[in-house]
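What follows is a short report on a single structure.
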Amino acid sequence: MKRVFLYKRFERFWHWSQALLVVLLALTGFDIHFASVEIFDFETAVLLHRNLAWVFLVLTVFAVFWHFTTGEWKQYIPTRKFLVEMIRYYLTGIFKNAPHPVHKTQLSKLNPLQRLAYLGLKIILIPGVVLSGFLYYFYNDWEKIYMQDTPLGTVAAVHVFAAYVLIAFMLAHMYLTTTGRTPLSNIKAMITGWEELEDVEK
């Protein structure tokens, strides 16, 4: 095993800030849409949800800029190499204590399934949540962009559905973080930036 500095400072800041914002947006969103949820009063929930959405958008813009200026965007390029092996690993191997098919490196932090999942998150899911949310917020200006005939309920449904998928992704992500070398090793690495990696790479 070798100790490698894998996650840069902004990468860790962006990761944890995004996670916190998703949780807070989910809580305030539930408060807005479901009368049975009363974490905040309605006006406070709407105000918080709107302001958190702007913070999320700013963070996303900075993250996109960081990914392209550092070359980290290459981490998300899809590959079929070891894809089938990773599917088998997650379906059965992980429960039999089988060796991980792909070894993490500084140049390749994500396995093939993670690449596909994160790419979908970044180019489909997050843009879907953000775009539908801002369309919903600027409903009174739809006539200016020729959307006045679009049902508001459709945009709201897309926003809520995308939010549920994002929450499901986050829950799956939280579970998978416990499947590292030890249950807390992946979480510790994302806090400190350092991770223990195997010397042998495939």
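The values are calculated or read from the model by the stated rules, or taken from the named source; none is laboratory data. Note that the coordinates shown come from a computational prediction; the quantities given were computed from them, not determined experimentally. Virtual Cβ from ideal backbone geometry, glycine too; neighbours counted across all protein chains shown. What goes into the accessible areas is simple: the full protein's heavy atoms, side chains included, and nothing from ligands, DNA or RNA. Shrake-Rupley method; radii C 1.70, N 1.55, O 1.52, S 1.80 Å.
Given a 1.4 angstrom probe, I'd like the percentage of the accessible area of the chain that is carbon and sulfur, rounded to a whole number.
On the way: 8940 of 13080 Å².
Carbon with sulfur: 68 percent of the solvent-accessible area.
Tell me whether the range 1-127 comes out rounded, prolate or oblate; compute the Cα gyration tensor, take square roots of the eigenvalues as a ≥ b ≥ c, and use a/c under 1.5 as the rounded threshold.
Details: a/c = 2.54, a/b = 1.70, b/c = 1.49.
Verdict is prolate for the range 1-127.
How big is the range 85-161 on each of its three principal axes, counting only the C-alpha atoms and giving the largest first in Å?
The principal-axis extents, from largest down, are 56, 27, 14 Å.
With a 10 Å radius around each residue's Cβ, average the other Cβ atoms per peptide and rank 69-80, 109-120, 9-20, highest first. Please list the in-between numbers first.
Numbers: 69-80: 12.0, 109-120: 17.8, 9-20: 14.5.
Final packing ranking: 109-120, 9-20, 69-80.
Take the cross-link list LYS74/LYS96; LYS2/LYS81; LYS8/LYS96; LYS74/LYS144; LYS8/LYS104 and give me the ones stretching past 27 Å between alpha-carbons. Provide the component values of the computation, followed by the final result.
Numbers: LYS74/LYS96 32 Å; LYS2/LYS81 24 Å; LYS8/LYS96 33 Å; LYS74/LYS144 38 Å; LYS8/LYS104 15 Å.
In this structure, LYS74/LYS96; LYS8/LYS96; LYS74/LYS144 lie more than 27 Å apart at Cα.
Heavy-atom accessible area per residue, the range 135-195, 1.4 Å probe: how many Å²? Provide the component values of the computation, followed by the final result.
Details: 4210 Å² over 61 residues.
Counting only protein heavy atoms, the per-residue value for the range 135-195 is 69 Å².
Helix 126-137 sits at what angle to the longest principal axis of the chain, using alpha carbons and giving 0 to 90 degrees rounded to 10?
The answer is roughly 10 degrees.
Cα axis of helix 152-176 to longest principal axis of the chain: angle in degrees, 0 to 90, nearest 10?
Rounded to the nearest ten degrees, it is 20.
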